[in-house]
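Heads up, the thing below is written out as structure tokens.
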Amino acid sequence: MFTNNIYKKIYRKIKKYDTIVIARHVGPDPDALASSIALRDIILNTFPNKKVYAVGFPVSKFKYLGMLDKFEEGMYQDALLIVTDTPDKKRVDGVDPDKFKETIKIDHHPFIETFCDLEWIDEEASSASQMVIELVFRTKLVMTKEAAEKLYIGIVADTNRFMFYYTTPKTFRLVSKLIQRTNINFTNLYESLYMRSIRDIKFQGYIANHFEITENGLAYLRIDSKVLEEYGIDASAARNMVSEFNYIEEVLVWCIFTVDKNGELIRGSIRSRGPVINEVATHFNGGGHIYASGARVETEEAWNALIQELDEVCKEYKEKLKNKKES
Ligand code: AMP
């Protein structure tokens, strides 16, 4: 648990630095983008004379969350780095944390490593966006309506519309205050996040029809680049569709893998509604949350081993449930 202190400490650092760079993890999702871009805009709104940049590789599908700044080497000079939504140094996108004068981490992932001078980690927070809202309400930072809209989308995306277990009373309290104070029209915001084309829906049909489902409740699908081309879907959009397959009676853990063009890298998005999956993911160059993880493997053997470990956690989970019912 953190005292008020952490908010003050972060605010003081923000106040102290003229140049601030905000980064987030590689392969960003809406929460990573919203938390970093909104924090930039809030700091600029509060301190118009500072130079504040939100950096990282842009993702065209999420461009409605705002423009990113191009990072330049000169930005390391006497600058403060704030990293949002990223638990480990190797996944920070586009900058080297060691080259900044001071560094701050704001993250809600399970702890992996300390790589910043000041770290605020709240594993019970629904999202990094929620933490940014909390930081603003606890300090003299001044929210803007546009930033509030982005942060709302960040929370909604990470919690899948307030559905996941890490949606807490605090999430609702902060969101309620956010809406009251900024008057955002939140119903309109869903359109940018959830609008799909008929092509996407057809591709979801492809996924549903091709899932392998084991008797332990693991659903998995590996999609090669030819199929992606046929449907005109890019690999990250295909993996993102994993969110559409929750609450299937026969399925406890489900995952979508894509294979890159030269067949050398297999990336996967994994989701669960019971078994803990992030430990398995860490064995395969991955990690994440207990019910939402990612992994990447380079060989057929490693992929088979990953599938087997995921199937094993489903089996253990089912057995535990059965024993509980019988006792
Ligand atoms: P995704 O399936 O890409 O939406 O990722 C789900 C969660 O797992 C997010 O919190 C990611 O940051 C995390 N994650 C995804 N891929 C990796 C990876 N290769 N290493 C560590 N964490 C990952």
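Taking 17 Å as the straight-line reach from the Cα of K324, the aspartates and glutamates in range (excluding those fewer than 8 positions away in the same chain) are E316. Evaluated at q = 0.09, 0.10, 0.18 Å⁻¹, the base-10 log of the normalised Debye intensity for the range 198-326, with identical point scatterers placed on the Cα atoms, takes the values -0.24, -0.30, -0.93. Bridging of K50 to aspartates and glutamates at a Cα separation below 14 Å is possible for D18, D41, D78, once same-chain residues fewer than 8 apart are set aside.
Please go through the range 179-257 and write out the chymotrypsin sites (Phe, Trp or Tyr not before Pro) that DSSP classes as loop and that have at most 11 other C-beta atoms within 10 Å.
Values: sites: F186, Y190, Y194, F203, Y206, F211, Y220, Y231, F245, Y247, W254, F257; in loops: F211, Y247.
Passing sites in the range 179-257 are Y247.
In straight-distance terms, cross-link reach from K90 covers every one of the aspartates and glutamates whose alpha-carbon lies under 13 Å from its own, apart from those fewer than eight places away in the same chain; here that gives D98, E113. Count Lys and Arg as plus one, Asp and Glu as minus one, and take only other residues whose Cβ is under 12 Å from that of N5; the net charge is then +4. Counting protein heavy atoms only, the range 198-326 has 45 percent of its accessible area on carbon and sulfur, 1.4 angstrom probe. On full extension, the segment bounded by N185 and T282 gains 31.0 nm, given 0.36 nm per residue less the C-alpha separation.
Would you mind getting the accessible area per residue of the chain, heavy atoms of the protein chains only, 1.4 Å probe, in Å²? Could the numbers behind the result be given before it?
Working: 16600 Å² over 327 residues.
Counting only protein heavy atoms, the per-residue value for the chain is 51 Å².
Considering only the Cα atoms of the range 93-238, their convex hull presents on average a projected area of 12.6 nm². Go through K99/K150; K15/K63; K70/K226; K61/K145; K105/K145 and tell me which ones have a Cα-Cα distance over 27 Å in this structure. Over 27 Å Cα-Cα: K99/K150; K15/K63; K70/K226.
So what is the orientation-averaged projected area of the chain, using the convex hull of its C-alpha atoms, in nm²?
Working: hull surface 71.3 nm².
Taking a quarter of the hull surface, the average projection is 17.8 nm².
Largest GNM mean-square fluctuation across M143, M131, M67, computed for the chain with C-alpha springs under 10 Å, falls on M67. The distance linking the range 38-60 with the range 232-300 is 31 Å (Cα centroid to Cα centroid, whole angstrom). Between Y247 and E123, how many nm apart are label points set 7 Å from Cα along the C-beta direction? So the label points at Y247 and E123 sit 2.8 nm apart.
The values are calculated or read from the model by the stated rules, or taken from the named source; none is laboratory data. These numbers come from a predicted model, not from an experiment. So basically every Cβ, Gly included, is an ideal-geometry build from the backbone, and we count neighbours across all protein chains shown. For accessibility, only protein heavy atoms count, side chains too; no ligands or nucleic acids. Shrake-Rupley method; radii C 1.70, N 1.55, O 1.52, S 1.80 Å.
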